[in-house]
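The values are calculated or read from the model by the stated rules, or taken from the named source; none is laboratory data. All of these numbers come straight from a predicted model, not from anything done at the bench. So basically every Cβ, Gly included, is an ideal-geometry build from the backbone, and we count neighbours across all protein chains shown. Keep in mind that these areas ignore ligands, DNA and RNA; they rest on the heavy atoms of the full protein, side chains included. Shrake-Rupley method; radii C 1.70, N 1.55, O 1.52, S 1.80 Å.
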Amino acid sequence: MSTFAFTQSVASCASFKSVRGRSAPKPVRGAQVIRAANLMDTCRSSGLTAFADAVEKNGLTGEINGGTFTIFAPTNEAMGAFTNPDGTHSTVDVLKFHCVKGKIASKHITNYPLIMTLEGTKIAIDSKTTPGQVEVGAPPQGTQGLSGRVDGGFIKQMDIEADNGVIHVIDGVASPKAPLIGQNGGDGAGT
């Protein structure tokens, strides 16, 4: 019997009551906790190897595996097609832009239209523009009150569980954007 199966059978016994109506004994303090996999191992086992490789290559594995995060991990195809066209952000910033502190399950994800990322700027969640789909990426940037689209990718798979968080797979790479002039951070009117 594997360790995982043994742990599952012991855990299931905890809910049984004895013949006399007493509860089964409580788990022993200091018992070994068996973990399935951290976020980066889960990315790899889920086929998101390009993202996991980039995180490792840029020295972020320890930081991401050391906390609890929600990761919007791009597919391998999206990572391969990404070119960082404006070149204003480093690869580390782009990778951190896909990581949000805390664990946000799919049933709650649309409750947060803007979420602070590990990179330090907010990522947008849009479930209204394209019916039936959730888009994740840089917040819309418009001029004269006209908003644009979220710039990133659509969620293709949700709730891939890891010991220290959850992964949602997206079909594009999101890149943080500097505010436009006049959007609270620029050099013009409206700042």
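Can you put Met158, Met40, Met116 in order of accessible area, largest first, using a 1.4 Å probe?
Ranked list, largest accessible area first: Met116, Met158, Met40.
So if each residue of separation counts as 0.36 nm, and I subtract the Cα-Cα distance between Glu63 and Val92, what length gain in nm does that give?
Difference between extended and current length: 9.3 nm.
If you line up the Cα atoms of region 32-141 on their principal axes, what length do they span on each, largest first, in Å?
Dimensions of region 32-141 along the principal axes of its Cα atoms: 46, 34, 25 Å.
For Glu119, tell me the accessible area in Å² from a 1.4 Å probe, rounded to the nearest 10.
40 Å²
To the nearest 0.05, what FRET efficiency results for Thr83 and Lys107 with a Förster distance of 25 Å applied to their C-beta separation?
The calculated FRET efficiency here is 0.15.
Taking a probe of 1.4 angstrom, what is the accessible area of Ser106 in Å², to the nearest 10?
30 Å²
Give the peptides 128-134, 91-97 in descending order of average Cβ contacts within 10 Å, highest first.
The packing order, highest mean first, is 91-97, 128-134.
Give me the accessible area of Lys177, 1.4 Å probe, in Å² rounded to the nearest 10.
70 Å²
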